[in-house]
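The structure appears right after this line, and notes come after that.
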Amino acid sequence: MALKLEQKQAIVAEVNEAATNAVAAVLGDYRGLTVLQMTEMRAKARRAGVYLRVVRNTLAKRAIAGTRYECLSDALVGPTLVAFSQEDPGSAARLMKDCAKDYRALEIKAFSIGGEVYGPGDIDRLAMLPTLDEARSLVMSVMLAPITKLARTLNEVPGKLVRTLAAIGDHKAGRGADAPSADASAGAES
């Protein structure tokens, strides 16, 4: 189906906006995927905050021109599926990697992060990045570790004092380690 000029301009503008706001991009070859598989991928992409679109290569090249993903222009060959991570750098990579496992027909062509293009063999590095929530929790645990250790150390001083006073009290009451127990005294008298 031939697209009119206005439709092409709208697609280029939409993809350009997604590329401008994205933190990472992944390109895939979707040849051989069924409509059901593509629908499932789109649903997963929406849940993951990933912009996913099948776009013609000439339109995609125009859309990414002037963005940090212009480096992907050489990889725009054949049927192309474009995935842009909107918030989490690894979300598009995780989506494409998981879908490539489920759908053997899906091939990852290339990906880009920070203006650098990488081959499909490096997708694991991007997919292994922690999610935004995981990264926040890691940072918080690193920030809280010294405070927690200080609190434990400060709490140990009064605890040690209480244990020492209790041991002194037991010793003065005749229940020290050297004093015979009540059971031993009773056994000696009989």
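The values are calculated or read from the model by the stated rules, or taken from the named source; none is laboratory data. The structure displayed is predicted, hence computed values, not measured ones. Note that each Cβ is placed from the backbone with ideal geometry, even for glycine, and that neighbours are counted across all protein chains shown.
Checking residue 35 against (1) at pLDDT below 90; (2) of a type outside the set (Ser, Thr, Tyr); (3) surrounded by fewer than 20 Cβ atoms within 10 Å (Cβ to Cβ): exactly one of these is not met. Which one?
(1)
Among the residues of the range 72-85, is any closer than 22 Å to residue 10 by Cα, assigned to a helix (DSSP H, G or I), in the same structural domain as residue 13 (by TED's automatic domain parsing) and not β-branched (Val, Ile, Thr)?
Looking through the range 72-85, at least one residue is closer than 22 Å to residue 10 by Cα, assigned to a helix (DSSP H, G or I), in the same structural domain as residue 13 (by TED's automatic domain parsing) and not β-branched (Val, Ile, Thr).
Residues of the range 1-38 being polar (S, T, N, Q) and either touching a residue at least 60 places away in the same chain (Cβ under 8 Å) or within 24 Å of residue 131 (Cβ to Cβ) (or both), which ones?
Across the range 1-38, the qualifying residues are 20, 21, 37.
With respect to the numbered conditions (1) touching a helix residue (DSSP H, G or I) at 6+ places or on another chain (Cβ under 6 Å); (2) in contact (Cβ under 8 Å) with a residue 40 or more places away in the chain; (3) surrounded by fewer than 24 Cβ atoms within 10 Å (Cβ to Cβ); (4) farther than 16 Å from residue 39 by Cα, which one is the sole condition not fulfilled by residue 97?
(2)
Out of the range 125-172, which residues are in contact with a helix residue (DSSP H, G or I) (Cβ under 7 Å, 6 or more places away or on another chain) and either basic (Lys, Arg) or assigned to a helix (DSSP H, G or I) (or both)?
In the first step, residues of the range 125-172 are kept if they are in contact with a helix residue (DSSP H, G or I) (Cβ under 7 Å, 6 or more places away or on another chain); the result is 126-127, 130.
Of everything in the range 125-172, those that are in contact with a helix residue (DSSP H, G or I) (Cβ under 7 Å, 6 or more places away or on another chain) and either basic (Lys, Arg) or assigned to a helix (DSSP H, G or I) (or both) turn out to be 126, 127.
Keeping to the range 26-61, report how many residues are hydrophobic (A, V, I, L, M, F, W, C) and in a helix (DSSP H, G or I).
9
Please give the number of the condition residue 43 fails out of (1) modelled with pLDDT of 90 or more; (2) more than 24 Å from residue 117 (Cα to Cα); (3) surrounded by 12 or more Cβ atoms within 10 Å (Cβ to Cβ).
If we test residue 43 against (1) modelled with pLDDT of 90 or more; (2) more than 24 Å from residue 117 (Cα to Cα); (3) surrounded by 12 or more Cβ atoms within 10 Å (Cβ to Cβ), just (3) comes out false.
Exactly one of (1) over 22 Å from residue 74 (Cβ atoms); (2) at pLDDT 90 or above; (3) touching a strand residue (DSSP E or B) at 6+ places or on another chain (Cβ under 9 Å) is unmet by residue 26. Its number?
(1)
If a residue has to be farther than 24 Å from residue 131 by Cβ and out of contact with any Ser or Thr (no Cβ under 6 Å at 6 or more places or on another chain) to count, how many in the range 61-106 make the cut?
Residues in the range 61-106 being farther than 24 Å from residue 131 by Cβ and out of contact with any Ser or Thr (no Cβ under 6 Å at 6 or more places or on another chain): 16 in total.
Across the range 115-124, what is the number of residues that are assigned to a loop (DSSP other than H, G, I, E, B) and touching a residue at least 24 places away in the same chain (Cβ under 8 Å)?
Matching residues across the range 115-124 total 1.
Of the conditions (1) in contact with a strand residue (DSSP E or B) (Cβ under 6 Å, 6 or more places away or on another chain); (2) surrounded by fewer than 20 Cβ atoms within 10 Å (Cβ to Cβ); (3) β-branched (Val, Ile, Thr), residue 142 fails just one. Which one is it?
Condition (1) is where residue 142 drops out.
In the range 86-114, what count of residues is obtained for those that are part of a loop (DSSP other than H, G, I, E, B) and in contact with a Cys (Cβ under 6 Å, 6 or more places away or on another chain)?
1
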